[in-house]
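Please treat every number below as a calculation from the coordinates, not as lab data. Computed from a prediction, not measured in an experiment: that's the story for all the values here. In this analysis, Cβ positions are derived from the backbone assuming ideal geometry, glycine residues included, and neighbour counts consider all displayed protein chains.
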Amino acid sequence: MKPLLIKNGRVVDPAAGLDARRDLLIEDGRLAALDTRIERPDADVFDAANLVVAPGFIDLHVHLREPGKEAAETVSSGTAAAAAGGFTAVAAMPNTQPVNDSALVTRFILAQAARGPVRVYPVGAVTKGTAGEELAEIESMREAGIRAVSDDGRPVWNSRLLRRALEYCLALDLPLVDHCEDPHLAAGGVMHEGEWSLRLGLRGIPALAEELPVLRDTLLAKLTGARLHLAHLSTRGALEFVRRAKQDGVRVTCEVTPHHFTLTDEACRDFDARAKMNPPLRTADDVAALVEGLADGAVDAIATDHAPHSETEKQTDFESAPFGVIGLETALALALEKLYHTQKISLLRLVELFSTNPARILGVEGGRLAVGAPADITIFDPERRWTYRAAEGASQSHNSPFDGWTLRGAPVATLVAGRFAFRQ
Amino acid sequence: MPPPKTLARLSQRHLLGVEPLSAEDIELVLATAQKYQTRTATETRPVPRLELLRGKTLTLAFFEPSTRTRVSFEMAAQRLGMNTVNLALEASSVQKGESLLDTVKTLAAMRPNALVIRHAASGVPHFLARHTDVPILNAGDGQHEHPTQALLDALTIRDHKGTLGGLKVAILGDLLHSRVARSNIHLLAKFGTRIALAGPPPLVPKAFERLAPSVAVCARIEEALAEADVVMMLRVQLERQREPLFASPAEYARHYCLTPSRLAHAKPDAIVMHPGPFLRGIDIAGEVADSPRSVIPHQVENGVAVRMALLELLVGGAG
Ligand SMILES: [Zn+2]
């Protein structure tokens, strides 16, 4: 394969504190050189003038649905959507059918992913079947290749079991990713509990249902010393508890989704099931708190919680519709639109949220532009205006509340190990 | 406030709720209903038999059992000369696993002139309205709205009090699970009526006050009743409770049943309303339900008139 020379790009690499015009040379799938000016006549040239070149984006929270729900998404279609969204790697949540709670399922997912355009880091279940009762085979799954454990979709509600799992995670150096939801406070709820749920006659999920488990989880992380990562935080109070735990030296990180920093519970007003997700869309005050946290460092990562559902599943009334929205192909544009173009965060911070920190949380290579390392690179245009059409996306599902939105900023190319996984 | 100007037609194609209606829409429905009334506060009239909507079809799709609302819609349709098709869907295709959307597409393919929908889930009529051109009349969706009930209640209040504004209306009982309460609050608030709510604390969240500025959540039922012109009782929705929100029906009755002594806190000429079916001795004492203060039978009669008005406005205009 010919070498590839990426010229004239604005290279943003928070790990190196770099935000400057640079050229990159890619050879044999690896980053061979990074300099102010590289000349290499035998190379293919990619002109990145007016584009941002960053270490590959890693989405910590994706539901690829395979095995089991291939009508909604497959490893193949989900990773294609990831590539189109500028992601070079995704962490695949274990709530498939069967659940990824054994080395066998982990190996199956990795085998499917080997043919896909981007890297897949399987997340193993904490408990068998994510049923919250018995520990899953965490050590065997670690050997097979998981990079984190989670019972996502539900919390590990038994505090003793969570403690045991954290003890394993400490020894195996895995992060435990918890979905914070008090099942009793949240029971039956379909949207945020507030003025809109009352108005619409829909059962609410109070903010406290998320905040109480955040507090508990951080206390257990403190007790065990293990690494805790909190998925899709959505309330001001939840973030407050994370700030306090971080000040207290607890090894806790957290992520926020684009839909939670973009939309409020008012999006449910016409009973549009595309605005139904768990955790639910919260209030304008919560959105403001999430944006603050994304800017000041309380939040570590932007993750999509990409949750595909087939048209048949989602084409029903609000109460019966399943929770979840897709997000891989809109995440970068929403972050640019809502955080960067509003001057809330810099491009360095944006790349930190999409790449540097996710790599650190998963403990994987990447997250920086290191000479000699595999060339996983995300190239995007922060200015390009485009209209998102869910039906034309790479994901097999179309359940997005952003369908038809005109956004500012878009991925232009995604390179995984030096190959174009996606090119505009 | 000055009387709103009269409209010729509704601003909405569907009747999904009271919330999207304007005060002018509501005035139009009430004015249209008045000509169909068989009884006002002062006189009784013969039952009208009209040909206005002859040859048109009304399909009633009840995904949740109901006798009163369904029969009221059927009578309204028949008095206007319409044919009715009655589908008790809780017993048919829905249980065979057909999707909601497929069921309604099938119904719409039969080309009715209007579709009356009742469903146990909030928002179903709104979902269906996005997938059909047939005018939809919401006959109660989950805990969201029951617009025809609020409109017939408004007609009843106006028959007895001459106005909707300048009154105090107490709405008592299980507010949280009540679509009737939500529709009534929206309607009365559009006329500036003072609305006082009370009931078991978990069933009357303070957030109700955010629905409209004239809404007050009262800590005690007596406070809500004080100087009220209208007392609306709500049914205890035992079947809607997925969790125990009060100890027992007896405990509820002891503290929230509308007894003569509680009613004494309201104005001497206050009327008592209930959307029915009421639980005698639990939400309302027999003496109160049977007293001349109770306008419950009048509500039932107005129900037919209001539904006739809505059919005229939503189907008649469609040509
Ligand atoms: Zn989750």
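Cα axis of helix B:100-109 to longest principal axis of chain B: angle in degrees, 0 to 90, nearest 10?
Orientation of helix B:100-109: about 50 degrees from the principal axis.
Using the count of nearby Cβ atoms within 10 Å as a rough guide to exposure, how do A:Ile345, B:Ile26, A:Ile302 rank from fewest to most? Before the final figure, lay out each step's value.
Values: A:Ile345 20, B:Ile26 23, A:Ile302 29.
Final ranking by Cβ density, sparse to dense: A:Ile345, B:Ile26, A:Ile302.
Could you work out, for chain A, what percent of all Cα-Cα pairs fall into each 20 Å distance bin, beginning at 0 Å and stopping at the bin that holds the largest distance?
P(r) for chain A, in whole percents per bin: 28, 60, 11, 0.
Given a Förster distance of 30 angstrom, what is the FRET efficiency for A:Ala288 paired with A:Thr406, based on the Cβ-Cβ distance and rounded to 0.05? Show your work: numbers first, answer last.
Working: r = 23 Å, r/R0 = 0.78.
For A:Ala288 and A:Thr406, the calculated efficiency is 0.80.
Taking the number of other C-beta atoms within 10 Å as the exposure measure, put B:Ser261, A:Ser102, B:Ser178, B:Ser99 in order starting with the fewest. Walk me through the numbers before you get to the answer.
On the way: B:Ser261 9, A:Ser102 18, B:Ser178 25, B:Ser99 15.
Listed from fewest to most nearby Cβ atoms, that is B:Ser261, B:Ser99, A:Ser102, B:Ser178.
I'd like the distance separating the alpha-carbon centroids of the stretch B:255-302 and the stretch A:218-285, in whole Å.
Here the two parts' Cα centres lie 48 Å apart.
Roughly how many nanometres apart are two label points built 7 Å out from the Cα toward the Cβ at B:Ser11 and B:Ser248?
5.0 nm
What does the C-alpha gyration tensor say about the overall shape of the stretch B:34-173? Classify as rounded when a/c is under 1.5, otherwise prolate if a/b is larger than b/c, or oblate. Don't skip to the answer; put the middle values down first.
On the way: a/c = 2.43, a/b = 1.45, b/c = 1.68.
Since a/c reaches 1.5 but b/c is at least a/b, the shape of the stretch B:34-173 is classed as oblate.
Which FRET efficiency, nearest 0.05, do B:Met75 and A:Thr342 yield, Cβ-Cβ r, R0 51 Å? Don't jump to the answer; show the numbers that get you there.
On the way: r = 58 Å, r/R0 = 1.13.
Given R0 = 51 Å and the Cβ-Cβ separation, E is 0.30.
To the nearest 0.05, what FRET efficiency results for B:Val47 and B:Asp290 with a Förster distance of 25 Å applied to their C-beta separation? Mind dumping the intermediate values first?
Working: r = 25 Å, r/R0 = 1.00.
Result of the calculation: an efficiency of 0.50.
Looking at this model, which pairs from A:Lys7/A:Lys246; B:Lys56/B:Lys190; B:Lys35/B:Lys168 are more than 29 angstrom apart at the alpha-carbon? Numbers along the way, then the final one.
Working: A:Lys7/A:Lys246 40 Å; B:Lys56/B:Lys190 33 Å; B:Lys35/B:Lys168 27 Å.
In this structure, A:Lys7/A:Lys246; B:Lys56/B:Lys190 lie more than 29 Å apart at Cα.
Would you give the gap between the C-alpha center of the stretch A:88-162 and the C-alpha center of the stretch A:1-79, rounded to a whole Å?
27 Å
Using label points projected 7 Å from each Cα along Cα→Cβ, tell me how many nm separate A:Lys2 and A:Glu311, to one decimal.
The two pseudo-label positions are separated by 4.1 nm.
Taking the C-alpha atoms of the stretch A:172-250, how large are the radius of gyration and the largest Cα-Cα span, Dmax, in Å?
When restricted to the Cα atoms of the stretch A:172-250, Rg and Dmax are 14.2, 48 Å.
What relative contact order, as a whole-number percentage, does the stretch B:111-270 give when Cα pairs under 8 Å and 6 or more residues apart are counted?
On the way: 290 pairs, mean separation 30.7, N = 160.
Relative contact order for the stretch B:111-270 comes out at 19 percent.
Return the calculated 222 nm mean residue ellipticity for the protein assembly as shown, to the nearest 500 deg cm²/dmol, obtained by summing -39500 (n - 2.57) across DSSP H runs with n ≥ 4 and dividing by the residue count.
On the way: 25 runs with 228 residues, N = 743.
Result for the protein assembly as shown: -8500 deg cm²/dmol, rounded to the nearest 500.
Where in the stretch A:333-367 does the label zone of A:Ala20 land, with the point 7 angstrom along Cα→C-beta and an amide N cut-off under 18 Å?
Counting only backbone N, you get A:347-349.
Return one number: the angle in degrees, 0 to 90 and rounded to the nearest 10, between the long axis of the Cα atoms of helix A:159-172 and the longest principal axis of the Cα atoms of chain A.
20 degrees
Find out how many positive minus negative residues lie around A:Arg408, taking Lys and Arg as positive, Asp and Glu as negative, among other residues whose Cβ is under 11 Å from that of A:Arg408.
Overall, the nearby charge balance is 0.
Using only the alpha carbons of the protein assembly as shown, what is the convex hull's orientation-averaged projected area in square nanometres?
Over every viewing direction, the Cα hull of the protein assembly as shown projects on average to 34.8 nm².
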